[in-house]
Amino acid sequence: MLFLVLLFFIPLVACNEAATDHDETKDFTFEELFSSEEAFAHIEALTAEEMEGRRAGTEGNRKAKEYIMNHFSSLGLTPAGDEDSYYQWYDQETLTFTQEASLVLLDEEGAVHKEFTNREDFVLLRRSIADDRRDIFGRISMDSDFSLESSITHIGKWDLNENLSIGDDSPIILGETADMHYALLKDHREQIEGLILLPQDPISHFSGEPLPMYGKPAFINIDKEVMDENTPDVMYITGSTYDEILALKDENFTLQAKGGFSHQEVSVANVIGSYESMEDTKETLLLMAHFDHLGEDSDGAINPGALDNASGTAMMMEMARVITENSLEFPFHIEFIAFNGEEDGLLGSFYYADIMGHDPEDIKVINLDMVGSKHVDHLFVDYNDRGSEGSFSFLVRSILKEKEIEYRMERVSGGSDHTPFSLKGADVIMFLDYSEKIFDNYYHNHYDTVDIIDQTRLELLGNILLETIQRMGDQGSF
């Protein structure tokens, strides 16, 4: 399917005092350097049950952070975090579920008629208001905690007017369409005591088909004038769930709904190790991947996050081993960075980019996010650079064409940890194995396990990444 056409022999010369000393120049093929077995072992370790899905701020995330740090330390990488450590600490909020989200339909006798399934039939939305940054990543989260039971009160889109009256005994409101969301929150929030249910079949951005409501609780940003202590909670429900509830609204059926989560500020860390060039230079390659994931659901189910993004983290860790153990020589420094907080809005990478000591013109960024999949439509390459011959994207495009790798390139789509550096003006590249099947079936859910990782694909991309870095060195300068 996808394969390497050509393998190169490259000289390996000692260049890093912290790495193993090599006095003799040796030739190796890329296949002899990059180990898909080593990379896969890292994925297995990062998705182990004790890692708890690696949500930022959790014990599992801490264990993953220590696992990566120990690997960097064993390779002799120079600590590049705070105070001569591998850790770069920053504060962010973390999500904690205070009770399992549920939605139950009771008959006229109070018996359970239907218990709907969290994240398949409904999803409880997290709510936030914009903070002073005023961008899509800047927000202040609102906590939630409710336990409600009421009759079914339905509001059609034609009912929305200034004279709308909602009874005091109806804390749960069933809205007709999702686009009623803002109007109900803004104009009628004081009449709605607890919860709004709105039909919203999630649609795949990739196939256009409706999806189960997998994923972390959806996040909505609401204007400060709308969000206050009286703002009701919101659940999105599937169209079929909406139809089932609506059909019984006149049958003396009732709804029970529960949910709750809180947000606490915690200190978390990025993990950074540096491989220093023997040359006197400021030029630095940032080779990065985020290691956090979604953690546990409200019912305790773990989202392992094998492809997203234990895979990218593992490839970055294996690249660190290859380069240090073989003392590869480059005319630039390399920082290996495992970012935290990507799933919460690229928080770890924004923090690094905001305080970094690098001039954006002195760095290049390679970001690895969701690589090594068994299901691949093409390699997606997100980039931003000067675009001339000899530029970062030109080099990557040339290598992929030589290797006959099917790929698509797009200039700065955003959504991963290279984005903050692109906004600073640095040259960036992201590698991602794109597949409609992956995003429609395995993305941000408990099916993202090591079973969808392909070691052959890991090795293929690892060798391409090695060659990319080697040719950057051959060019002699950024």
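For this structure, a couple of remarks:
- Number of the condition not met by Phe380 [criteria: (1) over 22 Å from Gln475 (Cβ atoms); (2) assigned to a helix (DSSP H, G or I); (3) hydrophobic (A, V, I, L, M, F, W, C)]: (2)
- Residue check for Ala306: assigned by TED's automatic domain parsing to the domain that holds Glu50 and in contact (Cβ under 8 Å) with a residue 12 or more places away in the chain: yes
- Qualifying residue in segment 274-295 (condition: over 22 Å from Leu423 (Cα atoms), assigned to a strand (DSSP E or B) and more than 19 Å from the chain's Cα centre (by Cα)): yes
- With respect to the conditions (1) closer than 24 Å to Glu50 by Cβ; (2) surrounded by fewer than 21 Cβ atoms within 10 Å (Cβ to Cβ); (3) not hydrophobic (A, V, I, L, M, F, W, C), Ser274 lacks only one, and its number is (1).
- Any hit, segment 307-323, residues being assigned to a helix (DSSP H, G or I), of a type in the set (A, V, I, L, M) and over 19 Å from Val271 (Cβ atoms): yes
- Verdict on Ser398 being part of a helix (DSSP H, G or I) and more than 19 Å from Ile334 (Cα to Cα): yes
- Residue list for segment 322-369, restricted to those being among the acidic types (Asp, Glu), touching a Ser or Thr at 6+ places or on another chain (Cβ under 7 Å) and within 17 Å of Glu279 (Cα to Cα): Glu335, Asp362
- Selection within segment 352-401 - crowded, with 19+ Cβ neighbours inside 10 Å and of a type in the set (S, T, N, Q): Asn367, Ser373, Asn384, Ser393
- Here Gly300 fulfils each of the conditions (1) in contact with a Pro (Cβ under 9 Å, 6 or more places away or on another chain); (2) at positive phi apart from (1).
- The residues listed here are Ile429, Ile438, Ile405; of these, the one that is in a strand (DSSP E or B) and of a type in the set (Val, Ile, Thr) is Ile429.
- Every residue from segment 344-362 that is among the hydrophobic types (A, V, I, L, M, F, W, C) and assigned to a loop (DSSP other than H, G, I, E, B): Leu346, Met356
- Flag if Ser267 is surrounded by fewer than 24 Cβ atoms within 10 Å (Cβ to Cβ), polar (S, T, N, Q) and touching a Cys at 6+ places or on another chain (Cβ under 9 Å): no
Condition check ((1) assigned to a loop (DSSP other than H, G, I, E, B); (2) surrounded by fewer than 15 Cβ atoms within 10 Å (Cβ to Cβ)) across all residues:
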site	(1), (2)
Asn161	yes, yes
Ser170	yes, no
Ile173	no, no
Asp179	no, yes
Tyr182	no, yes
Arg189	yes, no
Glu193	yes, no
Leu197	no, no
His205	yes, yes
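- Any hit, segment 330-338, residues being in a helix (DSSP H, G or I), assigned by TED's automatic domain parsing to the domain that holds Thr78 and β-branched (Val, Ile, Thr): no
- Every pair of residues 6+ apart whose Cβ atoms lie under 8 Å, when the first sits in segment 189-215 and is closer than 18 Å to Lys437 by Cβ while the second is of a type in the set (Phe, Trp, Tyr) and assigned to a loop (DSSP other than H, G, I, E, B): Tyr214/Tyr443; Gly215/Tyr443
- Glu279 under 30 Å from Ile363 (Cβ atoms) and either in the same structural domain as Glu343 (by TED's automatic domain parsing) or touching a residue at least 60 places away in the same chain (Cβ under 8 Å) (or both): yes
- Phe146 meets each of the listed conditions (1) closer than 30 Å to Asn441 by Cβ; (2) touching a residue at least 12 places away in the same chain (Cβ under 8 Å); (3) among the hydrophobic types (A, V, I, L, M, F, W, C) apart from (1).
- From Leu6, Leu46, Leu33, residue being at pLDDT below 50 and out of contact with any Cys (no Cβ under 9 Å at 6 or more places or on another chain): Leu6
- For beta carbons closer than 6 Å, sequence separation of 6+ or different chains, a first residue in segment 322-336 that is at positive phi and a second that is surrounded by fewer than 22 Cβ atoms within 10 Å (Cβ to Cβ), the qualifying pairs are Ser327/Ala14; Ser327/Cys15; Ser327/Ala19; Ser327/His22.
The values are calculated or read from the model by the stated rules, or taken from the named source; none is laboratory data. For clarity, every value in this text was computed on a predicted model and none was experimentally measured. All Cβ positions, even for glycine, are placed from backbone atoms using ideal geometry, and neighbour counts span all protein chains on display.
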